[in-house]
Amino acid sequence: MIPRYSRPDMVAIWSPETKFRIWFEIEAHACDAQAALGVIPKENAAAVWRAKDVTFDVARIDEIEAVTKHDVIAFLTHLAEHIGAEDARFVHQGMTSSDVLDTTLNIQLVRAADLLLAGMDRVLAALKARAMEHRMTVRIGRSHGIHAEPTTMGLTFARFYAEMARGRERLVNARKEIATGAISGAVGTFANIDPAVEEHVCAALGLTPEPISTQVIPRDRHAMFFATLGVIASSIENVAIEIRHMQRTEVLEAEEYFSPGQKGSSAMPHKRNPVLTENLTGLARLVRAAVVPALENVALWHERDISHSSVERGIAPDATITLDFALNRLAGVIEKLVIYPENMLKNLNKFNGLIHSQRVLLALTQKGVSREDAYRLVQRNAMKVWEQGADFRAELKADPEVRAALSEAEIDEKFDLGYHTKHVDTIFARVFGA
């Protein structure tokens, strides 16, 4: 992923230096286990750890790979240059390249998940803070983009909080599912390596041994991991779309913080554009783009092929780096979002009480009017508001059929905004706890 949409800690997980360091640790721990079993001399296993403080030369490994056309062999050759050929001859004993590659990939995904969980925690904290701040800030709810009934800005934030909390729980489960390692040798039968080696390496690196591997760790685990990232990205976009709508000039219920010196347009000096949330919509598309390739990686030929390899070299760093950046950008947007309660009220009252139509409909049915007739009476007065700009309450009071069922006081009572917020605390308790 390009530096513009990257954060250093996540980028570091996918650096060649980190990858080769993990490769080394896998090989060194495997040697320890082999020595404990008496398969290799203990002194040879101990000698491997002489490279624990070595900074592996990426350029040198690339140079060797240019000849060998094999990345793991290139690394092992370079490792031998540090510890000596005699001590290195037992390294990788009974192992296959995928033992190193797949175990490393899962370690990197686990570390990436930890950073993503931290990003989600920041988003959740921001959403909760803004939800509490605007618990009773009334705004119009919309369905199909059209005014529906009143809600609150706090409920909007609470809804997004609950969605992100579900996403966090899914990521915790995806992290657990991806935290496996395999040191099972060619085609996964342990023919040339004892299962105890796998158990030792996994324990040392914080993984669980894969119950049954072929020559690779099963890719349904990875498919679930990237699918989870895709769902989280979609939740980010869900928040971003709402903010983008609120920042539209004719709505202006909220807007991204516009910093001193910021410019909105090269042509129009008046512009204050929702550039961050538009960017988040685009980044969400990039993360979701990893999902289908990850699903297609599940089906491999027999005990292995490498059709998944090129895909994962791209999607693993790109999806995690992009989502990490997006989560932290979203948190910043929410933390600094400028909210305009007065504009919310202005928009809510734009159509002269029209949004209270359901309350009048229900009141008529409770007075003995059939639902069909009640709907007809309310709708014909509502259409005067849409088409003529009439006042809904006044039209209802002037309608003889409506007045035959409802008094003026009863009609007035149906226009109380407080009616729509009476259960806000109940919803908040469900979302945030008592």
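The values are calculated or read from the model by the stated rules, or taken from the named source; none is laboratory data. On a predicted model such as this, the values are computed, not experimentally measured, just so you know. Cβ placement follows ideal geometry from the backbone for every residue including glycine, while neighbour counts extend to all protein chains displayed. Only protein heavy atoms, including side chains, enter the accessible area calculation; ligands, DNA and RNA are left aside. Shrake-Rupley method; radii C 1.70, N 1.55, O 1.52, S 1.80 Å.
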| note | The extension gain from ASN352 to LYS271, computed as 0.36 nm times the residue separation minus the Cα-Cα distance, is 26.1 nm
| How large is ³J(HN,Hα) for each residue in region 366-375, as worked out from phi by the Karplus curve 6.51 cos²θ - 1.76 cosθ + 1.60 (θ = phi - 60°), to whole Hz, x for Gly and Pro? | 6, 8, x, 7, 4, 4, 4, 5, 4, 4
| remark: Long-range alpha-carbon pairs in region 265-333, meaning those over 19 Å apart, account in percent for 51 percent
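Please list THR77, THR55 in order of solvent-accessible area, largest first, computed with a 1.4 Å probe with all protein chains present. Please report the intermediate quantities before stating the final value.
Working: THR77 60, THR55 115 Å².
The ordering from most to least exposed comes out as THR55, THR77.
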| message | Using a probe radius of 1.4 Å on heavy atoms only, what accessible surface per residue do you get for the chain? Whole Å² is fine. | response | 47 Å²
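Kirkwood hydrodynamic radius, region 291-420, all distinct C-alpha pairs: what's the number in Å?
Working: mean 1/r = 0.0504 Å⁻¹.
Kirkwood hydrodynamic radius for region 291-420: 19.8 Å.
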| Given labels modelled 7 Å from the Cα in the Cβ direction, how far is it in nm from ARG142 to GLN262? | 2.0 nm
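What is the packing order of peptides 281-287, 256-262, taking the mean over residues of other C-beta atoms within 10 Å and listing the highest first? Could you put the intermediate results ahead of the total?
Values: 281-287: 19.0, 256-262: 11.1.
Highest-to-lowest ranking by the protection proxy: 281-287, 256-262.
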| request: Pull up all non-local amide H partners of THR152: gap of 5 or more, or a different chain, and H-to-H distance under 5 Å with H placed in the peptide plane. | output: ARG139
| note | For region 1-79, the convex hull over Cα atoms projects on average to an area in nm² of 6.5 nm²
| With all protein chains present, how much of the accessible area of region 177-268 (probe radius 1.4 Å) comes from carbon and sulfur, to the nearest whole percent? | 56 percent
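Using unit Cβ charges (K, R positive; D, E negative) and no other charged atoms, how large, in debye to the nearest 20, is the dipole of the chain about its Cα centre?
Numbers: 50 positive and 57 negative charges, 394 e Å.
Computed charge dipole of the chain: roughly 1900 debye.
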| query | What is the set of long-range amide H partners of GLY181 at a cut-off below 5 Å, with H atoms built 1.01 Å from backbone N? | reply | THR208, GLU210
| query | Working out 0.36 nm times the residue gap between ALA46 and VAL187, then minus their Cα-Cα distance, what length gain in nm do you get to one decimal? | reply | 47.9 nm
| If you roll a 1.4 Å probe over region 1-110 with all protein chains in place, what percent of the accessible area is carbon or sulfur? | 55 percent
| remark: As straight-line cross-link partners of LYS176, the qualifying aspartates and glutamates (C-alpha separation under 13 Å, not fewer than 8 residues apart within one chain) are ASP114, GLU210
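As a test of the formula, what do you get for the chain when each DSSP H run with n ≥ 4 contributes -39,500 (n - 2.57) and the sum is divided by the residue count, at 222 nm and rounded to the nearest 500 deg cm²/dmol?
Values: 20 runs with 275 residues, N = 434.
Helix contribution divided over all residues of the chain: -20500 deg cm²/dmol.
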| query | Per the 1.4 Å probe, what fraction of the accessible area of region 288-401, in percent, lies on carbon and sulfur atoms? | reply | 54 percent
| Between VAL292 and ASP121, how many nm apart are label points set 7 Å from Cα along the C-beta direction? | 3.6 nm
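Can you tell me the convex hull volume per residue for region 101-190, based on C-alpha atoms, in Å³ to the nearest whole number? Don't skip to the end; give the middle numbers.
Values: hull volume 10.3 nm³, N = 90.
Output value, Cα hull per residue: 114 Å³.
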| request: Sort the following peptides by mean Cβ neighbour count (other Cβ atoms within 10 Å, averaged over residues), highest first: 175-188, 114-127, 10-23, 320-333. | output: 320-333, 175-188, 114-127, 10-23
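Per residue, what volume in Å³ does the convex hull of the Cα atoms of the chain enclose?
Working: hull volume 87.4 nm³, N = 434.
Considering the Cα atoms of the chain, their hull volume per residue is 201 Å³.
Is there a pair in LYS263/LYS350; LYS19/LYS52; LYS19/LYS69; LYS367/LYS414; LYS128/LYS414; LYS271/LYS336 whose C-alpha atoms are over 21 Å apart, and which pairs would that be? Please list the in-between numbers first.
On the way: LYS263/LYS350 31 Å; LYS19/LYS52 14 Å; LYS19/LYS69 18 Å; LYS367/LYS414 14 Å; LYS128/LYS414 31 Å; LYS271/LYS336 19 Å.
Exceeds cut-off: LYS263/LYS350; LYS128/LYS414.
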